[in-house]
Structure formats: C-alpha cells, structure tokens
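Down below is the structure, laid out as structure tokens.
Just so it is clear, none of the values below were taken in a lab; they were calculated from the coordinates. Values in this document were obtained by computation on a predicted structure and should not be read as measured data. Note that we place each Cβ from the backbone using ideal geometry, even for glycine, and neighbour counts take in every protein chain shown.
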Amino acid sequence: MKKQLFSALLAAILAASCLAGCSGEGQESSTASSSAQSSGAAGESQAAETGGEPDYSEHLSFEVFSIDGSEDMMDYPLVAEACEKFNMEFTIQLVAWDNWGDVTRTLAATDSFPEVVAWYDLNYPEYVEWAQEGVFKALPDDLSAYPNLQALTEKYTIFEKLKVDGKLYAFPKIKNNNPYNEYDSYMFAYRRDWAEAMGLDYAPVQDLTWDEFREFLQKVKDEDPGQLGDRLVPFDLENGANSWCGMARKWNPYISGYELVDGKYVWGAPDETSMDAILEFKDMYDTGMLAADSYTDANNAGKERFMAGRSAVIYSNLGPSILLDTAKQMQANIPGFEEEDLGLFTIKMDDGKYYVSQMDEWWGAFAFDDSCRDEVMERWLAVGDWLLEDEQIEKYAYGVPEQDWTKAADGTVTLNYTAEESASGGEKDYITNQRSFQKFFILEGLDVFLEGNPNTSSYIINDLFKTNMETWATNPNYTPSNYDINYFSATEKDSFASVISNTSDNFIQAVLSDDPEGTWNQFIEENIDQANRACEEINAEFCE
Amino acid sequence: MAERKRKLHGIEPFDIVNVCILTLLMLVVLIPFYFTVVQSFMTQQEYIMNSTTLWPKDPTLGNYRDIFVASTMLRSFGNSVFYTVTGVAFSMFLTTTLAYGLSKKDYPGRALFQNMVVFTMYFGGGLIPFFLLIKQLGMIGTRWSIVIPTALSVFNMIILRNFFEQLPPDLDEAATLDGASPLRIFWQIDLPLVKPAIATLVLFYAVGRWNEWFYASLFLGDARLWPVQLELRQILWSSTSFASEVPAEVGRPSFSEGIKAAAVMVTMLPIMMVYPFLQKYFVKGVMIGAIKS
C-alpha cells in the first residue's frame, strides 16, 4: 500500500512538472517573438536615420557564439585593427563543433544566446522555426549602409530564400566568392607524371570523353606506372564508394532528388539513367578500377589515398584553395612530385556535354539574438562590410602591410616571411589564424584570386582551376540548385527525406550485387508509393 | 577416480577453456589498442600505403606534436586535473556523508531523504530545465558548473551506504561509550573501515571527471576553462575538416587518423597510470558493496 502511494505520488509529480515545463516554454516563446519583432523594427529605423559618417564614439563590448576563435584572437593584427576602428571589443563564447547542435538548441530554447551568433551547420527548418519564434532579431531591410554585404545579397539567390515573412534573420556565409563559382567544384584530378610515364602527352587540363577516360584507367592498371602492385587504385573518389552516387549525377543529375518532368515533379532515382550509372560503376568495380571495400570510407579516405600516391585519378571537391592544398600535400608526400605533375580531366559524357551542377552558395550564417542591441548589430555588420574591402582582403591574405609584405609600384607583392613562419605554431601564425575572423562573414575565395598573390600558384589557379571551369562553360549540361524544393517542408516530403538520403547506400548495394537491376528496382518499388505522395505535396505547392 | 582423470597435472579442462576464452578476449582488447599505439607514430603516407603494420618504418612524433603544438593543451590538462581533483574531493564528501547518514536506521526522516535521492535516479528534468537551473544559479561560464551540479552519483552513494550498513553497530556503540562524538566515529572509525569502497568510488568519480566533456561544452563558453577532453575533440574536429558535414573551405586537413590515435593515447595514459594503484581495492569494493548481508 505504501509503495503504491509512493508510485502514485511520483507519477503525479512527473505529470505536474511536465505541465509546468510546457506552459513556461510557451510563454517565453511568445514574449520573445514580440520582442524580436519590435527590436527588428527599431534596428531598421536606426539604420535609416544614419546619414553621413557612422558614429562609433560609444565603446561596445559583446559576446560572439562561435566554433572558431581563441583568447589570443584579439591580438591578431586584423582583429585588433577592427576593434580599434569600430571602437569595440568582443569575446568568443566557444562551442565544440561536434556538440554544436545540442548546445545551440539548448541556448535557443533557454533564450541564452549571446548577442552575436556565428551559426554553423544552419538547419533550414530549424532556422525558420526559430525566426518565427523570435529567437533571432531581423536584419535591417536596407543594407545600403554596408555596400559590400549588400552586393552579396544581390549576387546570390540564397539571401532571398532565407527570408522569413519578408525578413532576413541570418546572413548566410558565401562559400566561394570567386569569379568562377557558378559550377560545383567536384573535378577529376590526375597524375600527369604517371600519364607521361605511360607515354601520354596530356595537357594540364586534358579533355577526354568518358570512353577515353576508361581507356586511361585501363592503361594505368595494365602498366602500373607507380609500381604499386596490389595497392594501386586507378580511380578513387573522395569518400570511396560513398561518393559513387554523387558522381552518378553525371548520368542522372536528379538521382538523389526530384526532377521536373512535363511540368510535374517526380522522384529522380527511377529514371533509367540511374541504371546506366550503376552498370558503369559495377564494371569499373569488377575490373579493379575502384578501391575495393571502400564503402567503409569516410573523412576523405579516398582523397587521402590519392594524396599519398596510391591513385591515378581522384574525383573530389577541388575548389581553388583545396586544389592548392592538394598539390602542396602531394609534394610533401610523394618524393619528386612537382606541382605540374598534377592535372585535371574535363570529361564529356556520351552526349558530348560536361555534366555540372550549381555550386551550393553558402554554408553557415551569422545571426543576432533577439536581445542584441541595435548598435551591436550595426557595428558587426559594419565590420563585415569593412572586411570585404580590397585593402582588408590583402591584409588577411598577406599579413600586416609594410611589416609582413610590401607591394611594388607594378603591383608585385613581396612577402617578408616563410611558409613555416606563417603556419600554425610559427612566429607569424596570426597570418593563418586570423582567417577565422574573415570566416565569420564569408568562407573562402576572396584572396585566392588576388592578382599576383605569392601565396598561391598561377599554375594551380589559372592553368588548372580557371581553365577547367572555362572548358566546362563551353558546353555544359547544367543542373541548378532547387532551393524551393530543398527547403520545402511537408509531412510526406519530410518523411521521404530518409529514403532520399539512403539512395547512396542502395546505389552501392546495386553496384556490388550480382543482380544490380533487381537490387535497384527493389529499392525503387519499395519506395515509389511514398515518393508519389511526397511529389503530390510538392506539385500542389509549386505546380498547381 | 573419474575426478582424477579429468585433471591433468592439477589443471581442469574448465581452466583450459577458461584461459583460452580469456586470452581471446584479452587479444580482442589488446590488438586494437596496440595498432592504435602504432598508428599514433605513423606518417600519413605510410598509413595510407600500408595501414596495418607491426611497427612503422619511420616512426614520427608528428601526431603528438600536432596535438601539443596548441598552447592550449597544457592549460586544458591543468583544467582537467583541477576538475578531477576538486570534483572527486567534493563528490566524495557528499557521497560519504550522505551514505553514512542514510545507513543509520535511527536517522530521522531517513526513508524520506532516501526516496528523494532515489527519485532522481529514475526521473530527470531533462537538459533544458537543468540548463535553466544552472543559469539561474549563476554558474554558467564558471568552473563550478562542472564541479557542483553533477557532484553526487546516487548509484555510488547506494554502494557506499550498503558498505556502511554492513559495519557492526557494536562498533559505534563502543565508540559512543568511550565518549566519541558522531563526527569522530564517522571520521576515525567507520570511514577507515570502508577504504575499499572509497577507493572504488574515487576511481569511478575520477574516470567520470577526467572524461567529462558534455557539460563543459554546454556550460563553458570560455575556452580557457575547457577540460582536455573538449580541447582534444576540437583538435580532432579541426584535423578532419573534410568530414562530410563541413565544406573543405572551412579549414585544412591534417593526418586525422594519426591525430585521433595520438589523442586516444594522450587521454588514456593518465587514468591508466592511476588504475594499477587502485585496482586491488576496485574489485573488492564493487563486490562487497553489491552484496548486502
């Protein structure tokens, strides 16, 4: 009897605490929501009132929530200069990357964000939900006081897509703001030195058809120019088998998504071109062109094999700075390897076109807590705008002017430090480390294309990257990003997302199977009904 | 006769099977551990060319250097030592005093307090209320947010309470007759008698404190206060910037597998060094505390 009473008491306490928790949360949300709307309006009016030179006479201190930064960040020359110029100081509330989601959600739910949030791994549905709940403060509608930021908003479509009820609650960080950023930078890099050893006079960017590419792989396997024996992998992909489905987009660009057919969206995977890709990969796998057992690869294991000298060709994300880094690592890993020993293949598919996708424009964002002061928001936006000026781009590319580098009248830049000095742990490692400050606002691409940048290589940037992009532009089969569909949320569509994300696993299973068609068709048949329901929701929203 | 046949020079067949199984289990643990040690001394080039080797051809300390090149590592080690030493001391204070009190049958309100404590084993408020509580107590961003809120483990307290309950009540009565105060009885008579349990709980708490990273990541925004586990996770992340969720433009990669292996060694060694000194108490403590006579 005593135990039963105790159990009943426990249950009652539990129920009461749940009810109390729920009601409290609701009140907080609605309060926060109204607060956000009012402060958004205040921010706007203040920005509109600002006429001439901005007034930075009031010293501001605030916190920034971020996965980047350290306590000596304030000593980096560029950060120190920004703090002095804008009469401010900030401290970093650091969060570990792999616990980012838990911490961010906890802070959002408890209204505990600091004023500025450098938001990594932004999840679109969560962003919309939090914006509507008033977790964040809206950015001003008029960004003309920040011309460099405004230019980004006009250049990239994502800014419009991130508006909630007509307001932007986060400023997305553009991934590759360079002159050649239209196409996704997944490319084929190859060992030119091996091609030469096999008697092939290939250009830095060699144009091949798919059949010629397969012949090259066969030649590599037959002749083994690196004398690697069983360890040779003629063709590798960034994450081994886990990247096969990504490359299958060269046959079916919509294999992991939705395709517009006759004015209606349909599931892309059942298209017969998926089977073409599967059979091609199966043939490559069965003939030993691909790394065996690479379906367990992660963290760029395939790319690491290429950089260590085991592969002849790699299909990987090779944006400008990554390409530079790849060449450097290969020079360090492979005895006698020169920068010019790295080349790129532009591969035409059977219809003579280069299959390319639109580059994802952004990753992460910065946002402002609903309690953020208007002046803090304005100051932070001003810093971001200032960092995008050419003068500042040179500073984070080279370091302190006159001290770390000089520029001659003809524009030639001379660095007064070695690569070791600027690397992490070196005397001037702030030159490398202060880049995290820039990455609060934009991810990459501002300094790589600086004219005469001695930190980059003309061969890598111009002869390889730029030539590759220009070759693709001559005859592309271009698949644009469909933000409308990607960010559209509905019951069946959201539920079907797990099937879409399992496409890669099913692709691998089909390639490895003795009956690829049967295996793939089973995957399609098992999920087609759910796909149709998801498509009905999408078509109701966008096609009717 | 049959018994003698089963024995071979004093060794029973069961012993042979037992040794074989235990040896197999030991190898299952030791082989990956050994290869982790080897991997921590390998270069990226050698690892990719031949990831399974008994010893690297050109051993390197580069992976350990990559970990310790950050000036923050030694500081975070210091923080972890602080959290471990302070946390264990505070936890042991709470655990021993509460367990001792609850072990006394004549303690007023014993059942109520015991139920209140046990309640927290089964029902938790969840992460958000817990965070709000710590926030309202003003502990966010302070070292005490790591030491105080999770100081008492009810499971450990129950183990120790069982220990105290096994002590003969005559001891306390004799000490009382000799004029000892309750505090003196606790400190000088009962506590020394539960040394095996104390040693066990110290190890439990120390391992828990040393491995702590989750609450630190939640409560400590100032990296100067981070424990070593959190610092290492950050280093590991920066070495695997090509991980699928993160675009490569965010950072540059190092030899992530080597750094991971070195990080495993760096974090395991301190606790591994303490373990042998406490092991003899450890087994005894768990066994005795688990059985109530």
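Is chain B rounded, prolate or oblate when judged by the Cα gyration tensor, a ≥ b ≥ c being the square roots of its eigenvalues, rounded requiring a/c under 1.5 and prolate requiring a/b larger than b/c? Because a/c hits 1.5 or more and a/b fails to exceed b/c, chain B counts as oblate. Distance from the Cα centroid of the range A:422-477 to that of the range B:168-190 is 75 Å (rounded to whole angstrom).
By definition, a body whose alpha carbon gyration tensor gives a ≥ b ≥ c is prolate when a/c is 1.5 or more and a/b is larger than b/c, and the range A:237-357 fits this prolate description.
From the residues B:Pro196, B:Leu167, B:Phe214, which one has its Cα farthest along the dipole of the range B:158-219 in the positive direction, the dipole being from +1 and -1 charges on Cβ of Lys/Arg and Asp/Glu about the Cα centre? Final value for the positive-end residue is B:Phe214.
Judged by the gyration tensor of its Cα atoms, with axes a ≥ b ≥ c, the range A:366-509 is oblate; a/c meets the 1.5 cut and b/c is at least as large as a/b.
What does the charge count around A:Tyr417 come to, taking other residues whose C-beta lies under 12 Å from its C-beta (Lys +1, Arg +1, Asp -1, Glu -1)?
Neighbourhood net charge equals -4.
Normalising by the residue count of the range A:389-492, find the relative contact order in percent from Cα pairs under 8 Å and 6+ residues apart.
Numbers: 62 pairs, mean separation 22.0, N = 104.
That works out to 21 percent.
Per residue of peptide B:212-224, the mean number of Cβ atoms on other chains within 10 Å of the residue Cβ is 5.
A simple rule links phi to the HN-Hα coupling: the Karplus curve 6.51 cos²θ - 1.76 cosθ + 1.60 with θ = phi - 60°, which for the range B:138-143 gives x, 9, 4, x, 10, 4 Hz, with x for Gly and Pro. In the protein assembly as shown, the DSSP-assigned H stretches of four residues or longer account for a calculated mean residue ellipticity at 222 nm of -16500 deg cm²/dmol, using -39500 (n - 2.57) per stretch and the full residue count as denominator. Over chain B, what is the relative contact order in whole percent, taking alpha-carbon pairs under 8 Å and six or more residues apart? In percent, rounded to a whole number, it is 28.
Farthest toward the positive end of the dipole of the protein assembly as shown, out of B:Ala262, A:Phe440, A:Gln93, is the Cα of B:Ala262, where the dipole comes from beta carbon charges about the Cα centre.
Within chain B, the longest run free of exposed loop sites, counting trypsin sites (Lys or Arg not before Pro) that sit outside DSSP helix and strand states (H, G, I, E, B) and have at most 16 other Cβ atoms within 10 Å, spans B:106-291. For the range A:84-97, putting each phi into the Karplus relation 6.51 cos²θ - 1.76 cosθ + 1.60 with θ = phi - 60° gives couplings of 5, 4, 9, 6, 8, 9, 9, 10, 8, 8, 7, 10, 6, 4 Hz, in residue order, rounded to whole numbers and with x for Gly and Pro.
Sorting A:Cys245, A:Cys83 from the fewest to the most surrounding beta carbons within 10 angstrom yields A:Cys83, A:Cys245. What fraction of the DSSP beta bridges in chain A is antiparallel, stated in percent and rounded to the nearest 5? Around 55 percent antiparallel, to the nearest 5. Amide hydrogen proximity for A:Tyr186: with H placed 1.01 Å from N in the peptide plane, the residues at 5 or more positions away or on another chain lying under 5 Å are A:Leu318.
Taken about its Cα centre, the protein assembly as shown carries a charge dipole of roughly 5360 debye when the Cβ of each Lys and Arg holds +1 and the Cβ of each Asp and Glu holds -1. Considering only beta bridges that DSSP places wholly inside the range A:168-324, some 65 percent are antiparallel. Once backbone amide H atoms are built at 1.01 Å from N, A:Trp362 has A:Lys175 as its partners under 5 Å, excluding neighbours fewer than 5 places away on the same chain. For the range A:108-118, the Karplus equation 6.51 cos²θ - 1.76 cosθ + 1.60, evaluated at θ = phi - 60°, returns couplings of 5, 5, 9, 6, 10, 5, x, 5, 10, 10, 8 Hz by residue, with Gly and Pro reported as x. Using a Gaussian network model on chain B with a 10 Å cutoff between Cα atoms, which of B:Ala151, B:Ala197, B:Ala175 fluctuates the most? Comparing B:Ala151, B:Ala197, B:Ala175 in a Gaussian network model of chain B, the most mobile one is B:Ala175.
When A:Glu378, A:Glu421, A:Glu212 are sorted by how many other C-beta atoms sit within 10 angstrom of their C-beta, beginning with the fewest, the order is A:Glu212, A:Glu421, A:Glu378. Centre-to-centre, using Cα atoms only, the range A:267-330 and the range A:334-411 are separated by 26 Å.
Straight-distance candidates among the lysines for linking to A:Lys493, with alpha-carbon spacing under 21 Å and chain neighbours fewer than 8 residues away dropped: A:Lys161, A:Lys264.
The GluC sites (Glu not before Pro) of the range A:440-519 that meet both conditions, a loop assignment by DSSP and at most 12 other Cβ atoms within 10 Å of the site Cβ, are A:Glu451.
From least to most packed, judged by other beta carbons within 10 angstrom and beginning with the fewest, A:Glu53, A:Glu536 follow the order A:Glu53, A:Glu536. Close amide H contacts of A:Tyr169 (hydrogens built in the peptide plane, cut-off under 5 Å, sequence separation of 5 or more or a different chain): A:Leu139, A:Val164. Taking every alpha-carbon pair under 8 Å whose residues sit at least 6 apart, the range B:78-214 reaches a relative contact order of 45 percent.
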